[in-house]
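Q: Input: one structure, supplied below.
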Amino acid sequence: MSLPRKVRIVEVGPRDGLQNEPANVLTAVKIELIERLADAGLLVVEATAFVSPKWVPQMSDNAEVFAGIRKRPGVAYPVLVPNMKGFEAARAAGAEEVAVFGAASETFSRKNINCSIEQSLERFAPVVKAARARKMRVRGYISCAAGCPYEGEVKPQAVAAVAEKLYRMGCYEISLGDTIGVGTPGRIRAMIEAVAKKVPIGRLAGHYHDTYGQALANIYASLEAGVRTFDSSVAGLGGCPYAKGATGNVATEDVIYMLEGLGIGTGVDLTRLRQAGKFICAELGREPASKVARALAAKDS
């Protein structure tokens with residue numbers, strides 16, 4: 001299959017990235033990061049999560065962050081919600097798009113959201129129904145789509161089963177997450193092919209962590225399989241609190257560099273994106289995980 005001319009990038013750094021960083025980031029800094037990412041040309045910037053501050057203290061300022069963002073026309077600012085309580089809080093804050101998150105592994109589901117896969121789907125059903133009744137879009141995430149820190153290998157059919165239920169429920173897109181970064185191009189391709197038998201390929205997205213250095217290769221394999229949307233995190237922010245040793249999402253800078261090299265458009269200004277990554281890393285007191293950002297910084301010095 002030929003590669004596409006354009007790819008859609010979903011920037012998850014302000015949510016999936018920062019919620020897994022040990023340092024608590026000031027509300028004003030989060031707002032500025034989100035605005036810098038939108039200014040760089042990213043059309044989808046996941047802003048925050050309306051989750052329990054007890055479990056995810058880094059997102060306890062969710063309403064303040066969402067209210068403070070200078071919303072750019074044409075840019076979506078989805079937020080994560082685990083249940084109806086989170087959905088109502090997101091709606092009250094003015095959110096227009098929400099995301100629900102499940103898993104393809106029973107053990108991970110219980111460790112991560114304290115319920116079975118089936119119970120998680122039962123929780124999501126009223127959220128999706130309520131959102132659609134209000135003309136709000138709902139995205140579905142599936143964790144452990146390539147492997148689980150507790151169960152090891154996850155069968156592609158298990159991922160496909162959860163994806164089909166989320167899609168039939170009303171999620172417009174299903175993001176397939178290699179949460180611990182163990183996937184390889186062959187395994188990712190097999191997983192996508194299994195899921196695509198249940199959900200149209202145009203409704204699938206790739207969400208790959210780079211623990212084993214395979215994320216870019218997995219994106220390329222996904223492109224060949226027909227996937228046209230990918231999640232990434234500026235400066236490679238994040239990790240997974242329930243998966244020991246898992247590193248952050250693939251860095252947005254690295255993804256953009258690769259796609260540009262393939263002649264695939266994203267609409268993202270790499271220079272502005274690098275500045276956004278430099279800004280948040282300075283606040284966190286660390287270097288970016290992006291190899292492209294580091295290489296270009298060394299070239300500039």
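We did not get these values from a lab; they are worked out from the coordinates using the rules stated. Bear in mind that the values here come from a model prediction, so they are computed numbers and not experimental data. Heads up, the Cβs are rebuilt from the backbone with ideal geometry, glycines too, and the neighbour counts pull from every protein chain shown.
Q: What is the packing order of peptides 118-131, 173-186, taking the mean over residues of other C-beta atoms within 10 Å and listing the highest first?
A: 173-186, 118-131
Q: Follow-up question, since we're still on this one. Which lysines does Lys299 reach when only Cα atoms under 29 Å apart count, and residues fewer than 8 places away in its own chain are ignored?
A: Candidates past the 8-residue exclusion: Lys6, Lys30, Lys278, Lys291.
Q: Starting at the first residue of the stretch 9-23, write each ³J(HN,Hα) from the Karplus equation 6.51 cos²θ - 1.76 cosθ + 1.60 with θ = phi - 60°, in whole Hz, x for Gly and Pro.
A: 10, 9, 7, 10, x, x, 10, 5, x, 5, 6, 9, 7, x, 7
Q: Over the stretch 126-247, what is the percentage of antiparallel beta bridges among all DSSP beta bridges, to the nearest 5?
A: Close to 10 percent.
Q: Still on this structure, I have one more. What is the antiparallel percent of DSSP beta bridges lying wholly in the chain, to the nearest 5?
A: In the chain, approximately 5 percent of DSSP beta bridges are antiparallel ones.
Q: Still on this model: Check Tyr141: other-chain or 5+ apart residues with amide H under 5 Å from its amide H, H built from backbone geometry?
A: Val100, Phe101, Gly102, Ser175
Q: Could you give the length gained by full extension between Arg168 and Tyr220, i.e. 0.36 nm per residue of separation minus their alpha carbon distance, to one decimal place?
A: Once the chain is fully extended between Arg168 and Tyr220, it gains 16.0 nm.
Q: Would you please give the residues with an amide H less than 5 Å from that of Leu80, counting only those at least 5 places away or on a separate chain, with H modeled from the backbone geometry?
A: So Leu80 has HN proximity to Thr48, Ala49, Phe50, Ala99.
Q: Something else about it: Could you tell me the distance between the Cα centroids of the stretch 12-44 and the stretch 76-142, to the nearest Å?
A: Between the Cα centres of the stretch 12-44 and the stretch 76-142 lies a distance of 20 Å.
Q: While we're on this one: State the dimensionless ratio Rg/Rh of the chain (Rg: radius of gyration of Cα atoms; Rh: Kirkwood radius).
A: Looking at the chain, the ratio lands at 0.93.
Q: A follow-up question, please. Return, ordered by residue number, the residues of the stretch 191-230 whose backbone nitrogen is under 15 Å from a label point located 7 Å along Cα→Cβ of Arg137.
A: Output list for this probe position: 202-206, 228-230.
Q: Quick one: which residues, 5+ away or cross-chain, put their amide H under 5 Å from the amide H of Cys148? H built at 1.01 Å from N.
A: Hits under the 5 Å cutoff: Glu153, Val154.
Q: What's the long-distance tail for the stretch 200-292, i.e. % of Cα pairs beyond 16 Å?
A: When all Cα pairs of the stretch 200-292 are counted, 55 percent exceed 16 Å.
Q: Oh, and also: Hey, what do the phi angles of the stretch 201-212 turn into as Karplus ³J(HN,Hα) couplings, whole Hz, using 6.51/-1.76/1.60 and θ = phi - 60°, x for Gly and Pro?
A: 4, x, 9, 10, 10, x, 9, 10, 8, 10, 3, 9
Q: Further, regarding this structure: Sketch the reach of a paramagnetic label on Glu151 as a point 7 Å from Cα along Cα-to-Cβ, and name the residues of the stretch 99-123 whose backbone nitrogen lies under 20 Å away.
A: In the stretch 99-123, the label zone of Glu151 (backbone N under 20 Å from the point 7 Å along Cα→Cβ) covers 100-123.
Q: Still on this structure: Antiparallel DSSP bridges in the stretch 35-186: what percent, to the nearest 5?
A: The antiparallel proportion sits near 5 percent.
Q: Please give the length that would be gained between Glu88 and Lys291 if that part of the chain were fully extended, namely 0.36 nm times their separation in residues minus their C-alpha to C-alpha distance (nm, one decimal).
A: Full extension from Glu88 to Lys291 adds 69.1 nm.
Q: Give, in nm to one decimal, the length gained when the segment between Cys115 and Ala23 is fully stretched (0.36 nm per residue of separation minus the Cα-Cα distance).
A: 30.3 nm
Q: So what J values fall out for the stretch 232-237 if you push phi through Karplus, 6.51 cos²θ - 1.76 cosθ + 1.60 with θ = phi - 60°, rounded to Hz, Gly and Pro as x?
A: Using θ = phi - 60°, the values come out as 7, 10, 3, 6, x, 4 Hz.
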